[in-house]
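I have placed the structure first, in the form of structure tokens, so that the comments after it can refer back to it.
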Amino acid sequence: MVPVAGGDGFTDAQRASIDKAIRDAETVCRFEFSVYVGKLEGDPRLYAERLHAALVAPARSVLIAVDPAARVLEVVTGDQVRRSLEDHHVRLAVVEMQSQFAHDDLCGGIVRGINMLAGSARRPPTLHA
């Protein structure tokens, strides 16, 4: 699911690409991913945290919130996600997304960020003796 504000400017193919990245990420790490693109009212971090809290399973969710007009990006992770996804991995994904955004590739940046976050949150396989 890709919640976006009206008039986000994504083509159908870009929406499909983001949706596929979300589905793949959820398969890889078993956490839920959501993307919000639109105006982040007031304090962007607080607004993103409110959006995250409204998700079905916030403890197991990752929200990427982007306000392209204000050039703001927020990533909010739930309690369970933070056990597997360390802050430095989130920072790396944010830097990668910002790099893509700087090249006018909003969709590519979001897809890359989702992939990086999911890859970092993936639990290593358990080896049984």
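Observations
- For segment 12-29, the criterion of being among the β-branched types (Val, Ile, Thr), within 14 Å of Leu73 (Cβ to Cβ) and either modelled with pLDDT of 95 or more or touching a strand residue (DSSP E or B) at 6+ places or on another chain (Cβ under 8 Å) (or both) is met by none of the residues.
One line per residue, one yes/no per condition, for (1) of a type in the set (Phe, Trp, Tyr); (2) within 18 Å of Ala25 (Cβ to Cβ):
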| site | (1), (2) |
| --- | --- |
| Val72 | no, no |
| Val76 | no, yes |
| Val81 | no, yes |
| Leu85 | no, yes |
| Met97 | no, yes |
| Phe101 | yes, no |
| Asp104 | no, no |
| Gly108 | no, yes |
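- Residue-level analysis places Asp67 among those that are surrounded by 12 or more Cβ atoms within 10 Å (Cβ to Cβ) and within 14 Å of the chain's Cα centre (by Cα).
- Scoring Ser84 on the criteria (1) farther than 26 Å from Asp12 by Cβ; (2) part of a helix (DSSP H, G or I); (3) of a type in the set (Ser, Thr, Tyr) leaves a single failure, condition (2).
- One residue alone among Leu73, Leu46 is without any contact (Cβ under 8 Å) to a residue 12 or more places away in the chain, at negative phi and either outside any loop (DSSP other than H, G, I, E, B) or touching a Cys at 6+ places or on another chain (Cβ under 8 Å) (or both), and that residue is Leu46.
- For segment 73-83, a residue qualifies if it is surrounded by 15 or more Cβ atoms within 10 Å (Cβ to Cβ) and farther than 15 Å from Leu51 by Cα, and the qualifying residues are Gln80, Val81.
- Residue in segment 49-59 that is surrounded by fewer than 20 Cβ atoms within 10 Å (Cβ to Cβ), closer than 21 Å to Gln100 by Cβ, touching a residue at least 24 places away in the same chain (Cβ under 8 Å) and touching a strand residue (DSSP E or B) at 6+ places or on another chain (Cβ under 9 Å) present: no
The values are calculated or read from the model by the stated rules, or taken from the named source; none is laboratory data. Owing to the predicted nature of the structure, the values given are computational and were not obtained by experimental measurement. Every residue, glycine among them, receives a Cβ derived from its backbone with ideal geometry; neighbour counts consider all protein chains shown.
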